[in-house]
Every structure is written in C-alpha cells, then in structure tokens.
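All remarks here apply to the structure that follows.
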Amino acid sequence: MTKKILLTMMVIGLLIGSIGAAGIKIRNVKNLEGSSSLFKSTSNMPEFVNGRVIVGFKKTMGIERIAKRYSFEKDIISKNEKIGFAVVKVKDGDELSFIESIKNKPGIRYAEPDWKIHACFTPNDPYWDQQWGPMMIKCPKAWDKTRGSKSVKIAIVDTGVDYTHEDIAANYVQGGYDFVNDDDDPKDDNGHGTHCAGIAAGVMNNNKGIAGVAQVSIMTEKVLDSDGYGSASDVADGIIHAADHGADIISMSLGGPSSNVEEDACNYAWNKGVLLVAAAGNDGASEVSYPAGYDTVIAVGAIDSDSKRCSWSNYGSRLELVAPGEAIVSSVPGDNYEFYSGTSMATPHVAGVAALAKSLHPDYTNQEIRDLLRRTADDLGDPGKDIYYGYGRVDASFDDQNSTMIPKINIKIHEVDKIDPIDPLNGKPEWFYRISAISDGKEEMVQNQNGHNQKFLFWYIFIWNSEDNWLVNKIHSLNAYEPRVQLKIRLMDYDLLSPNDVADISSSSDRKTFVATYDMINNKFLSGSDKTEKEGKWLVANGEFDGSTNTDDDDAKILFEVTDTYEPPKPDLEAYGNLRWDQIKPGDTVHGSIYVENAGETDPYGWCENNLNWKIESWPNWGEWTFNPKSGKNLKPEDGKIEIKVTVKAPNEKNQAFSGKIKIVDTDDPNDYAYIDVSLVTPKNKGLNNPFMFFWNWFKNIFFR
C-alpha cells in the first residue's frame, strides 16, 4: 500500500507539472501604461531616459542663442523649432541637477526629464476567434452609411506598423518616420502598433483575418522600440510629424507621466485641425495617464464584452469615452493574429469611429467630430458623464441617444412687402439677424450671425438690408420646451441700436411684439393677438410703424410659416451576452443566457410610446438550438433588459471547434439589429472533458483494481 500511495503522489506530481507546462502561454510583457512599476521605489519618480533632458525655449529667443548663452550648444542631441524644444545630453545621474540649474533662467520655458513612455496593452490567450468589438460599437450599422474614405488618414503613433501585413498593406500610405532609429522606415518590430492599426483600419472583405473599424488610410510614426518603450521627446516629434504630413486623426496607445513637450506637441496638432485619441492607462488608477490627460486629447478607457469597465482601466474626471478593450483579436507582424487586452486596444476603436465620422462629414472640424462622438456615445454607468465611463461607449452608428429630445419649430420668412425705405447703415448691403429663445426660464441661443452677445427675453428677428432686398424663404429652427408654444416676434427700432449691432424693418416706431400661440400636438395656430391672423400654417403679422392701432400702406407685412419638426424617439435594439462553451462532449446539452433591451429614450412629452418588437432571426446551423423566449413585443426602455435562455445540444462530432452568430432584429426596422457571437468546442476523446480526471481514472484502473 505504501508503494501504491508513493506512486500515486509521483503520478499526481507529474500530472500537475505537465499541466503547468502545457497551460496557457503568457508572454512576459512590460505593460507599463502609467503603471506603478514606472515609479522607482526610492523616489516615487517616473522613469526617464538616462543622460537626456528636454529643454523648452521661448521661440522669440531661438534655440541656438539660448543654448550658447548657457554653454550647452554642443550637447544638443536633437531639436524641434516648431514647438521650441531641444533634447540635451547630460552626464548620467546629473539629469535632475541640470534641470534645477537651468529651469528658471531667462529664455527657458521649462526643463524636464525625457520621460519614458510605454505601450499600453496586455497579451491575452488566443482562444476566442471572434471580433466582438466592432459589433458592440455598431459598426455594421455604420457601414451602411460609410465604410470610410481613403482621403481620411489615421496616424498610428506607436511601435510602428508592419505595412506588408495582408490586412494592412492595402490601406497603408507612406509618410511616417522612425524616431527610434532615426530613419524613414517605421516598420514594427514589436507587434503592438500593428495590432492597433488592424483594429482601427484593417482591410475589409479580403477573405483574410479581421475587419478594421474604418476603411481609411493608415500612416505610422514609430516612437516606441522593440520592447514597447519610448521617450516623451520622440512621442512629441511623432505627433508633430503626423500633423505636418496630413493626419486627420492621431491614435496613441501609449502612456506615461505628464510632460510639457508632449502637451505642446498635442496642442500643435490640435491647432492644425487634428483629432487626438489616447489610452487612459491600465492601472485601475483614479487618474488617466498622459497624453490622454491633456485637454486636446480624447482619453479612452476599456470595457469588456458585457460593457463593464475593465478593472484595470484607469478612470477619472478626464476620461472621455470607453470602447472594447478585452480579448481583442487583431493583426500582428508576419501575417499573424493575436488577442490583446488593454486601453491600447480600446483607443483605435475610437480612432476608427472618428475616421468614419470624418468620412461622413469631411467639413467637420476636430472639435465638431469630438462633440459628435461625445453626443452619440451610449451612456453607461451613472446618467450623463461620469468618472468610470466618461460620456459612454463610442457608437459608430452615431445614433444621437444622448441628445435632449426637444421639439423643433421652424420659422420661415416668406415675404416682406410695402417696406418703408431704410437708410443704409455703414453702406453695407448685408443681412444681420439674430434669433434667441427662452422658455421655462431657460435661454437658448439659436443663431447669432453678427458675432455679438446680446441677451433678449423673447424670440427676436432683426432684419436689415441697405438695398431693401428682404430675406425670402429663409428657415430658422428654434427649440421649444413645451408642446404648446407661444411665439413672440419682436421688431425693434434700429435707432435704438448701434450700426455695429442690428437693425429692423422699422425706421421710427416703438418696439412692436407680435404674438401667436402654436399647438404642436395638433399642428395648428391658436388665437393670438389682434395683430395676427391665420392663413393655414401661415401667420401674418402687421406692424404699425407710427405706433397707432391702424394699418396703412406704409406698414410692414411679414408672412412667416411655423411648422413642427419634432421626431418621436425610436426603439434602439441592444443585445449582449457570452455564449462560449469549451470541451463539451458530443451530444451533450449546454445552457446559457443572452439579453435584449430597448436602449431608446422614453418620449419626455408622453406623445407616443417607444416600444420595441423583436425576434431571433437566425442562429448557427450546427447543433440543436432552443430559445426561451424567441421573440417579444412592446419592450419599453424603462423595462430594462430581458433574459433569453439558450439551450444547445452539441453536434455529435469529436475534436471540432464550432462558431457563429445569433442575429436579433427589430421586427419593425430591419436596420436595427444586433449579433451575439457563440462558440463551442468538443474534445478529441468523448471522455476527455477534464484531462486531469482522465489520467486519474486511468491510474485508478491500473493500480487500484
């Protein structure tokens, strides 16, 4: 018995050892995105490049002049005149003392260490062979509008890009630079940059690998070395170079401490119209890393396939958006593909969506695209912007779910006749008009064409043209906070205003206010003042220039139309859940759950119900599937998520990996749908569900029979 027990322990030990050796292979990656490993235990200072210091100069002084004055002109390693800095060589160990000696001298804006910057990712087990990220952020809906324009360019500021990769080459454009090796070949020698490039803009519909979020052009600036490390000065040079070479969006899946030179570079790119996106960091810290933390950069956090914040994703008041960042499959050098996790992976999702926005709206500024991404993000966590999810999960379909649904009223100037002649103001024959609105104590400026900042209590239209050419068929859109709205149009005497402001059609009258009430529910005018009359949807306002109660031929007659353009909210189908089954014996039955909800908004005016009717339209053709329920009706936004129980009988085939998608659709809108990815793996041997138990049973049969 002793021998059997001893032998048993030896076999168990061998089994445990073999399981460890054959287990998940984890690369030992220096994941240093703002992590605590950046800080030296002795000084708690972030790591910096030894023997180098960054010195920022006042541009009016000139780099060479300042360097010569302080006797380090021969120690300049590199310089950048555009934002005024130089990298200066110092003796190892003298970095901080050199900074202290020079930072307050005349002509010096700042002196700081050349901080180490790091790639922001963690490799993940290459098991799940499906892309869930683009599905979650509604790329299929977006691709119905645009897949992207090659005139839009994303710059990957990272470890470079393998531009020969089968899923990169067709979208790659030259123009980048290798700041690590100081040459014009920014090819990736790490893999991180290629992975990010594939997420943002991997080639679609080429029967290879993965599909990127946007089919746009990719360029790259190599600022991180083969280990994923770089310096703040190289990152700054990469940002400036990308901005100067036509980048519309800069994607930075890297992070480190705050740096003056890096912030200057981001400001430079922003002022050139570039949109900047960067990783928030992977420490689970309450502050985002940099460059994500700068005002001109969108900070991106990571969420998992359940739209929950990844525990390691940094958060805080500067977090702006979140995107898929866990177990993301994408391209790596050598026509290969791997799964990585990190805010590094979330960042190119946002960069790709920004590129889709730029493709749809080529005239949009970087601020307008940023506002669009914020406004259309799917709100997660606490209502509105919060520290864990920012404005929410980026939405490639640009469904404006976060906008306040305010009924719109259009005022259309139709005709002006019998106008009293008006003397020219400054001789400029141009229109000046201003419209503002107030309701429930809230004032909203709708249009301000003349650039002034006057405030008024009612809705005003000031119209003037020195050549007496009146505004015809011009539509102004006003926001209304109540279903029944009182419209007040006031004509003001231009004598009471300065020539630099606005004038109206009257030359001598007191201020006149014409009032009518419009019923938005029934789409008609109600009774107004005695100075109004109804002609269908047309409201006719007659003003007495002389202040009398009578109308004569010298009076103005303005006809304008008011129409209701309120669009009730629509259902928005959302579905999510994980259906992944591993080592399932052929013929066995497995169970899981998925969830459906109506993510649309409730009509704030109660004019209509926003109900979702849905059904499961398709599922994989392997196995035997049962759904409970399989369809539903009248799902309201306030109902929250509903559970669908899924039962699958595994195919009777050994050693197979099955995968596919469940499609759930809005039965009233075929363009509103969602996919759930599923996978099931059967073992080589029907009894090999657990390798340890298999060997244990074999051992018992031999030694304990």
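Remarks
- Backbone amide hydrogens, once placed in the peptide plane, bring L224 within less than 5 Å of D158, T159, G160, excluding anything fewer than 5 places away on its chain.
- Taking the DSSP beta bridges with both ends in region 34-403, the antiparallel portion is around 60 percent.
- The order of the peptides 624-633, 659-668 by mean Cβ neighbours within 10 Å, most packed first, is 659-668, 624-633.
- Size descriptors for region 34-403, from the alpha-carbon set: Rg then Dmax equal 19.8, 62 Å.
- Here the mean projected area of the convex hull built on the C-alpha positions of region 254-299 is 2.9 nm².
- Projecting the Cα positions of P186, V235, I218 onto the charge dipole of region 180-248 (unit charges on Cβ atoms of Lys, Arg, Asp and Glu, taken about the Cα centre) puts I218 furthest along the positive direction.
- Its Cα centre serving as origin, region 184-278 has a Cβ charge dipole (Lys and Arg +1, Asp and Glu -1) of approximately 500 debye.
- 12 Å beta-carbon shell around N260, net charge (K/R +1, D/E -1): -3
- For region 252-258, backbone phi angles converted through the Karplus equation (6.51, -1.76, 1.60; θ = phi - 60°) give residue-by-residue couplings of 10, 8, 8, x, x, x, 5 Hz, Gly and Pro being listed as x.
- Global geometry of region 268-370, whether rounded, prolate or oblate, following the gyration tensor of its Cα atoms and the 1.5 cut on a/c: oblate
- Burial ranking of peptide ranges 347-360, 296-309 (average Cβ count within 10 Å, highest at the top): 347-360, 296-309
- Full-stretch length increase - V681, S97 - with 0.36 nm per residue and alpha-carbon distance subtracted: 204.2 nm
- The Cα trace of region 573-681 gives Rg and Dmax of 16.0, 58 Å, the first to one decimal, the second as a whole number.
- Förster radius 51 Å - calculated FRET efficiency between E617 and S286 (Cβ-Cβ, nearest 0.05): 0.75
- Rounded FRET efficiency, nearest 0.05, which uses the C-beta distance separating D75 from N181 and R0 of 22 Å: 0.55
- Take each peptide in 247-258, 140-151, 670-681, count the other Cβ atoms within 10 Å of every residue, and average; sorted highest first, the result is 247-258, 670-681, 140-151.
Here, each number is a calculation from the coordinates, and none is a lab measurement. Bear in mind that the values here come from a model prediction, so they are computed numbers and not experimental data. Ideal geometry is used to build each Cβ from the backbone, glycine not excepted, and the neighbour counts take in all protein chains shown.
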